[in-house]
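Each remark here refers to the structure printed beneath this line.
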Amino acid sequence: MKKVVKFGGSSLASAEQFQKVGNIIHADKDRRYVVPSAPGKRFSEDIKVTDMLYDCYRAAESGKDFSKKLQKIQARYQEIISGLKLELSLDEEFELIARNFKEQAGEDYAASRGEYLNGIVMANYLDMEFIDAAEVIFFDENGNFDEAKTDKCLSERLEGVEFAVIPGFYGKRADGVINTFSRGGSDITGSIVAKAVKADLYENWTDVSGFLVTDPRIIANPETIGTITYKELRELSYMGATVLHEDAIFPLRSAGIPINIRNTNRPQDSGTMIVESTCSKPKYTITGIAGKKGFASINIEKDMMNSEIGFGRKVLQVFEENGISFEHVPSGIDTMTVYVHQDEFQEKEQSVIAGLHRAVQPDTIELESDLALIAVVGRGMKRNRGTAGRIFSALAHAHVNVKMIDQGSSELNIIIGVENRDFEAAIKAIYDIFVTVCI
Ligand code: ASP
């Protein structure tokens, strides 16, 4: 068995956390390739090393003295090195970083040093080979990830390497400049490594015991999801559930490698398995509930709309021309409603209305703002009668007025539009009817 293990910033924030990570790795000899993030927060008001690096580089870029800021970053690493009693000095590395900062090596170079240095510390601590991500992860000149080149080079480089540490978050562009993924991108590196070595499992270790059925800020201690499919995860992440970087799914989805979200602080918990497909029945009819506030709806009415060929295309074209993406478009015989992100829409509002009048000559256009969308997601809903009925009766009992309903034909999700102020009550009502009553 071959496992790739990625550890997030909070799992590597201090020497104590490093020790937990060491124990986890030593507990299973299949944990062969380690992808570390940069040290994260040790306590809630703490600053992540990545943010300290961005800040330090900004000072360097504007010609200010950045030495104090860099010393503080070095102190974070030194605390870990001393705590682990390692014989390792990063002095030379920091001298080189200071020189490169002066020469303006770029913001991405600066941010990437967090993972790079943590990789060196980790490799030293675990006595594993260190492989600089700049040697094996590639981007094109425009900063787009070069999947083919990376996969080939990385799999060749790791062939015959039994244990290695490969820092997350960055790689090298074709012109030699260091490039990072977007924030939280070490998750993506982990997936890429897992694909390249044809791993049996990608373990992503963080500070929660997996995906929760819903947002813990709305429901205290919600249940953990045992198994979730890539598709379900996509729906939930899109609607705001975050644990794993969204782009981390794609490399593995095509390779059929499962991801296991685990908690470094509670290794006894089995976490959440993310799989392509599964026969395992979900514990509840629904897998998860996620949602977002801040939508607006544009309701367009016109008599005989249903017989006007091209009506929908013309409407959506107006949104396209104004650079606004739409979320949902429920329609009736003489009405069509377009849901958009309120902040994107607000500045273009009048231009969109004028454009719609020109394009389709509607009878009326009505706008509504401060709406929320809630996605109720679950593979268990397929061929299962009564799910929608249960959702709507729960919402009625909670006095929540439903503004919109949209069920995809995949029967994987039901999207519900409510007013922003009903958002929390709606999620609570749905959670209770599917989860609390079943516990
Ligand atoms: N250190 C980077 C960040 O804070 C990448 C990561 O942790 O995945 O975004």
Residues of segment 367-382 being more than 21 Å from residue 400 (Cβ to Cβ) and either more than 25 Å from the chain's Cα centre (by Cα) or buried (at least 21 other Cβ atoms within 10 Å of the Cβ) (or both), in sequence order, are 367, 379, 382
The helices (runs of 4 or more DSSP H) lying entirely within segment 179-265 that contain at least 3 residues which are crowded, with 18+ Cβ neighbours inside 10 Å and hydroxyl-bearing (Ser, Thr, Tyr) are 186-196
Restricted to segment 10-62 and to residues being assigned to a loop (DSSP other than H, G, I, E, B) and hydroxyl-bearing (Ser, Thr, Tyr), the residue most open to solvent (accessible area, probe 1.4 Å) is 44
With criteria (1) among the β-branched types (Val, Ile, Thr); (2) over 30 Å from residue 198 (Cβ atoms); (3) within 14 Å of the ligand (Cβ to nearest atom), residue 81 comes up short on (3)
For segment 307-328 the number of residues that are small (Gly, Ala, Ser) and under 18 Å from residue 343 (Cα atoms) is 2
With the first residue restricted to segment 244-263 and required to be over 21 Å from residue 183 (Cβ atoms) and of a type in the set (A, V, I, L, M), and the second required to be part of a strand (DSSP E or B) and more than 16 Å from the ligand (Cβ to nearest atom), Cβ contacts under 8 Å at 6 or more apart or on different chains are 257/201
Margin query: Against the definition (of a type in the set (A, V, I, L, M), farther than 23 Å from residue 11 by Cβ, away from the ligand (no atom under 16 Å from the Cβ) and surrounded by 17 or more Cβ atoms within 10 Å (Cβ to Cβ)), how does residue 290 come out, yes or no?
Written below: yes
Residues of segment 154-173 being without any contact (Cβ under 8 Å) to a residue 40 or more places away in the chain and more than 16 Å from the ligand (Cβ to nearest atom), in sequence order, are 156, 157, 159, 160, 161, 172, 173
Checked segment 104-127 for anything more than 13 Å from the ligand (Cβ to nearest atom), closer than 14 Å to residue 54 by Cβ and surrounded by 21 or more Cβ atoms within 10 Å (Cβ to Cβ); matches are 109
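The values are calculated or read from the model by the stated rules, or taken from the named source; none is laboratory data. Everything numeric in this text was worked out from a predicted model, so none of it was measured. Virtual Cβ from ideal backbone geometry, glycine too; neighbours counted across all protein chains shown. Ligands, DNA and RNA are excluded from the accessible area calculation, which covers all protein heavy atoms including side chains. Shrake-Rupley method; radii C 1.70, N 1.55, O 1.52, S 1.80 Å.
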